[in-house]
Structures are given as structure tokens and as C-alpha cells.
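**Student:** Dropping the structure in here first, questions after.
The values are calculated or read from the model by the stated rules, or taken from the named source; none is laboratory data. Note that the structure is a prediction, hence the values are computed from the model and not measured. Cβ placement follows ideal geometry from the backbone for every residue including glycine, while neighbour counts extend to all protein chains displayed.
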Amino acid sequence: MINIITCVDLDFGIARDGEIPWHLPNDLRYFREKTEGSFVIMGSTTYESFGKPLPNRTNIVLSRKNNFDDEGVLTYSSIEPILILAKWVNVWIIGGEDIYSLFLPYAKKIYLTNILETFDCDKFFPVGNYLNEEFRIKSVTIGVIDDKNKHEHIFFEFERIVDGGCGHVSI
């Protein structure tokens, strides 16, 4: 099954100059809890922002660069091997913008942390009205604000509508 996991601001911004423009430990912990022990799929820019493979996960980089090669990382130039893999195991799409766009039509669930602020982003989660038309909210959890987590945030879990019913949502 293909799962997408992302953290966005109010404008669906996800990054600026290859970096996340906020610090939210609650979301980092949520991301780790969801993806540990699984396959994580990312673009080369997202991988390069980490600088190394994410621990306790099988890291797969989708790249158009023929020379992309890093120890501890599987690399593919097309989505087909990942679509086949997803028939047997859960995979997590973790970014960036282009990778989200490629896999959004195949995703069964979206785990979206919404920070209730706007940041200066140059990359965005490519959702548009697609989220409202194709997915419904499965769960909502209000994030805890404390000394380390200063941004108001909400954890949403969306699931693809399979029955053709009305599942329109707004966030």
C-alpha cells in the first residue's frame, strides 16, 4: 500500500531552498513512528537534505540522475518498481514536491501534519482540490504545544474514498 506522509503550512508549503522552514519535534516523532521498519521513497533532493539514509528503514531514492549512487540506498529512475513493491508491503512517500505528485494518484492514505502558520516556502504539497475530491478524513489529532513545539499543528489522517461517496473536506 502506498502511504504519503508530509508536514505542510497553511499554504501547503513543505520546504524552502531544500530545507524545512520550521522545527516541530512532535511531527518528527510522528514521522519516525509511522515510517520506522518500512520502505521510504524520496527524491534525490529530499535524500540530499538528510545527508544519509534514514535509520531503521529501507531507503529508496527516485532519481532521474544516472549517476546517483549512495551506500545503503536503492535507486530507481521510474515509479514502476515501487508500484510493484507496494502490492506486497507498505511504502511511505516522504517527498519532495515532484515525488508527491507522481504518487498521489496511487496513494491509499495521506498522513498530513498541518502547521497553522504560513512560512516562506518554494516547494509545496501538490494537493489542490484533489484531497477534497478523492480522500476523506479518517482521524484528526490536535498537536500539543509546549516549549519544544511552539507551532500550532494538527495531525490529519486521510483515506482514499473507495465507495464513491461524498468525502469532501476542507482544512
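**Student:** Looking at Gly72, is it under 27 Å from Asp120 (Cβ atoms) and of a type outside the set (Phe, Trp, Tyr)?
**Tutor:** In short, no.
**Student:** Looking only at residues that are touching a helix residue (DSSP H, G or I) at 6+ places or on another chain (Cβ under 8 Å) and either aromatic (Phe, Trp, Tyr) or surrounded by 12 or more Cβ atoms within 10 Å (Cβ to Cβ) (or both) in the range 116-145, which one is modelled with the lowest pLDDT?
**Tutor:** Out of the qualifying residues, it is Tyr130.
**Student:** Restricted to the range 1-16, and to residues that are within 9 Å of the chain's Cα centre (by Cα) and β-branched (Val, Ile, Thr), which residue is surrounded by the most Cβ atoms within 10 Å (Cβ to Cβ)?
**Tutor:** The extreme case among them is Ile4.
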